[in-house]
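Structure first, then comments.
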Ligand code: R5P
């Protein structure tokens with residue numbers, strides 16, 4: 001088994017190779033031609049080998065690099081290609097909101113999987129997207145990784161900022177043996193949300209250590225509103241935790257200003273305190289793919 005790290009996921013790919021018993025690890029050569037077109041080249045003796053290609057698709061350039069690398073790995077004679085997309089971009093457009101739109105998540109899934117024997121990703125916005133890859137597809141969760149970080153810290157309550165995140169909050173709550181609740185969320189536009197507490201609370205919030213858990217932090221609007229709402233109820237400390245930390249523009253600073261700690265996994269590079277999903281991805285590769 002060889003591991004190749006695309007330029008969006010080099011550090012995580014190396015961690016995955018270590019989790020796979022120090023599997024040979026390579027970084028491809030990537031450059032741009034003068035006209036802006038992308039060029040990639042993979043090295044190493046991968047003919048006849050199973051190859052794990054790791055590349056998050058945060059930007060359109062990341063998607064293109066993944067497609068070129070997958071083709072290069074096939075051309076180099078790899079036996080099987082497992083494509084790991086730790087952060088799968090476009091995942092939030094997973095259905096039609098208005099007529100005339102694409103289901104972007106499905107469109108990307110089909111293409112990312114073209115040269116792959118199987119795909120592994122982490123905390124998709126909607127698990128239904130897994131079925132659209134058209135190949136065996138597996139989803140790791142960022143929750144166990146973040147729970148490993150939180151285990152040594154004071155946590156009284158896990159909070160999901162919306163109903164869509166209930167399963168994540170419940171899973172974290174069950175690992176840490178703590179209660180959870182989900183806020184009511186109304187999205188005003190792509191940057192603004194209105195949040196409120198549910199009628200029934202599992203405990204009195206005053207003085208408590210709260211962790212807000214989300215799949216993605218993008219503009220930070222959701223977490224900032226959630227933190228403000230909780231502060232109005234005199235909680236003791238607020239931490240924000242997410243699987244995918246995009247932290248657009250000044251999101252990181254805005255969240256730091258209203259919280260006491262900020263955690264994310266390493267599916268994306270960002271300045272938050274990190275929990276690695278490498279063990280969780282490696283477990284899927286070993287358990288579900290290597291001997292298939
Ligand atoms: C929405 O359904 C997601 O789970 C996240 O809550 C959302 O994408 C976060 O976005 P932002 O940081 O821009 O509020």
Taking Cα atoms, the helix 10-19 axis meets the longest principal axis of the chain at an angle in degrees (rounded to 10) of 80 degrees
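Counting other beta carbons within 10 Å of each residue's own, what order do 87, 39 fall into, fewest first?
Numbers: 87 27, 39 10.
The most exposed by this proxy come first: 39, 87.
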Of all DSSP beta bridges in the chain, antiparallel share, percent nearest 5
15 percent
Testing the spin-label approximation: label points 7 Å from Cα along Cα→Cβ at residue 286 and residue 79. State their distance in nm.
1.8 nm
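Using only the alpha carbons of segment 144-275, what is the convex hull's orientation-averaged projected area in square nanometres? Intermediate values should be presented prior to the final figure.
Numbers: hull surface 28.4 nm².
With the hull built on Cα positions only, its mean projection is 7.1 nm².
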Simple spin-label estimate for residue 206 and residue 177 in nanometres, 7 Å along Cα-Cβ
2.8 nm
Rounded to the nearest 10 degrees, what's the angle between the helix 60-75 long axis and the longest principal axis of the chain, both from Cα atoms, 0 to 90?
40 degrees
Okay, which of segment 185-221 sit inside 17 Å, backbone N to the point 7 Å along the Cα-Cβ direction of residue 228?
185-197, 218-221
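Most exposed first by the Cβ proxy, i.e. fewest other Cβ within 10 Å, how do 208, 231 rank?
Numbers: 208 19, 231 14.
Sorted ascending by nearby Cβ count, the order is 231, 208.
How large is the convex hull of the Cα atoms of the chain per residue, expressed in Å³ as a whole number? All intermediate terms of the calculation are to be shown ahead of the outcome.
On the way: hull volume 40.4 nm³, N = 292.
Measuring per residue, one finds 138 Å³ for the Cα hull of the chain.
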If you bin the C-alpha pair distances of segment 1-157 every 5 Å from 0, what whole percents do you get?
2, 9, 17, 20, 18, 14, 10, 6, 3, 1, 0, 0
Percent RCO, i.e. relative contact order, over the chain, from Cα pairs under 8 Å lying at least 6 residues apart:
14 percent
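Rank-order 29-35, 241-247, 193-199, 124-130 by packing density, defined as the average count of other C-beta atoms within 10 Å over each peptide's residues, highest first.
On the way: 29-35: 8.9, 241-247: 26.4, 193-199: 13.7, 124-130: 16.1.
Result, highest mean Cβ count within 10 Å first: 241-247, 124-130, 193-199, 29-35.
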Taking the 0 to 90 degree range and rounding to the nearest ten, how far is the long axis of helix 166-176 tilted relative to the main principal axis of the chain, both from C-alpha atoms?
80 degrees
Could you give the nm distance between label points at residue 111 and residue 31, where each point is 7 Å from its Cα heading toward the beta carbon?
2.6 nm
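Every read-out reported here was derived from the displayed coordinates using simple, explicitly stated rules and does not represent laboratory data. As the structure is a computational prediction, the values presented were derived from the model and not from experiment. Neighbour counts are summed over all protein chains in view; Cβ atoms, including those assigned to glycine, are modelled from backbone coordinates with ideal geometry.
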